[in-house]
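Participant: Here it is, the structure, as structure tokens.
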Amino acid sequence: MNPKSIRVCLSPALLPFYDLDDTIAVVVDIFRATSSICYGLANGAKAIIPVAEVDECLAYQGNGYLLAAERNGEVVEGFDFGNSPFAYTKDKVAGKTIVLTTTNGTRAIQLCSGAKRVVIGSFLNITALSAWLKKQNHHILLVCAGWNNHVNLEDTVFSGAVVNRIKDTGAELDDAAHVAESLYLEAEKNLAVYLSKASHGKRMQRLNISQDIAFCLQTDKVSAIPIMKGNKLVCLA
């Protein structure tokens, strides 16, 4: 069964213009939220609860949850950790439920609540994710978290990589999907060099977390596909 259409939303600010009926929303925040979510669940986290605001995250304090908060690339003071993938290792997260808020990624997840399903994408799980998407008979919308509602390079390139992998299902691509795929085809021979132009990548380098960039650009490190169940992200069975 083929999906009906493949679309790319280049910024969360554009989401109100998309019909989410019968749609699988794939939320993408490559640097770093969705990469860390994929890695954390692959490393045995019981669940990850994405929330939009720091105060929402704090509301879970004292109930046995790990609290993670990031704003503008840095860990919010007083929280266990932020959204660096290196904080989501097996020894830290196995068996735990994490409550996470980030500058862009978790807000984008919340905005997709009207979709039929919400799943999480990253280069770390791109092959498993693409194989699963190809089997779905629903519209597919790749939602780029961007940066403060602006388009960003890394999320757009990743979306194009997914489009390139699943377009042979015969689905109709929208213009943004064609744009994203074109960027990916330009970038694919050396993703790291191409994405060194990305503004958030430069921001992360100034914060001395360039190792996170290299980690997030690894392909197929995990096969976990995070999916929303109620208010929690869990591994797709």
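Participant: Quick one: would you say S36 is of a type in the set (S, T, N, Q), crowded, with 18+ Cβ neighbours inside 10 Å, within 23 Å of R165 (Cα to Cα) and at pLDDT 95 or above?
Facilitator: Yes; evaluated as a whole, the condition is true for this residue.
Participant: If a residue has to be under 18 Å from L124 (Cβ atoms) and surrounded by fewer than 21 Cβ atoms within 10 Å (Cβ to Cβ) to count, how many in region 156-183 make the cut?
Facilitator: So the count comes out to 2.
Participant: Here is a follow-up. Quick one: in region 19-33, which of the residues that are of a type in the set (A, V, I, L, M) and more than 16 Å from A180 (Cβ to Cβ) is surrounded by the most Cβ atoms within 10 Å (Cβ to Cβ)?
Facilitator: Restricting to residues being of a type in the set (A, V, I, L, M) and more than 16 Å from A180 (Cβ to Cβ), the top hit is A33.
Participant: Now a separate question. Which one is farthest from L129 (Cα to Cα) among residues in region 150-186 that are at pLDDT below 95 and among the polar types (S, T, N, Q)?
Facilitator: Per the criteria, the residue is N152.
Each row is one residue, and each column tells you yes or no for (1) among the hydrophobic types (A, V, I, L, M, F, W, C); (2) over 12 Å from the mean Cα position of the chain (by Cα); (3) buried (at least 22 other Cβ atoms within 10 Å of the Cβ).
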| site | (1), (2), (3) |
| --- | --- |
| N72 | no, yes, no |
| Y88 | no, yes, yes |
| V99 | yes, yes, yes |
| G105 | no, no, yes |
| I109 | yes, no, yes |
| G114 | no, yes, no |
| S122 | no, no, yes |
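Participant: Additional query: Please work out which residue is farthest from R32 (Cα to Cα), limiting yourself to region 137-151 and to residues that are part of a strand (DSSP E or B) and touching a helix residue (DSSP H, G or I) at 6+ places or on another chain (Cβ under 7 Å).
Facilitator: The selected residue is I140.
Participant: Tell me which residues, restricted to region 161-172, are in contact with a helix residue (DSSP H, G or I) (Cβ under 6 Å, 6 or more places away or on another chain) and either over 26 Å from T102 (Cα atoms) or in contact (Cβ under 8 Å) with a residue 40 or more places away in the chain (or both).
Facilitator: V162, V163, N164, R165, I166, T169
Participant: Under 6 Å between Cβ atoms, at least 6 apart or on separate chains: pull out the pairs that start in region 105-134 with a residue that is under 18 Å from G160 (Cα atoms) and among the basic types (K, R) and end on any residue that is at pLDDT below 95 and surrounded by fewer than 23 Cβ atoms within 10 Å (Cβ to Cβ).
Facilitator: Final answer for the pair search is K134/T169.
Participant: Also, I was wondering about something else. Restricting region 1-18 to residues that are farther than 18 Å from I109 by Cβ and modelled with pLDDT of 95 or more, which is surrounded by the fewest Cβ atoms within 10 Å (Cβ to Cβ)?
Facilitator: The selected residue is F17.
The values are calculated or read from the model by the stated rules, or taken from the named source; none is laboratory data. Just so it is clear, the model here is predicted, and its values are computed rather than measured. For neighbour counting, all protein chains shown are included, and Cβ atoms are generated from backbone atoms with ideal geometry for every residue, glycine included.
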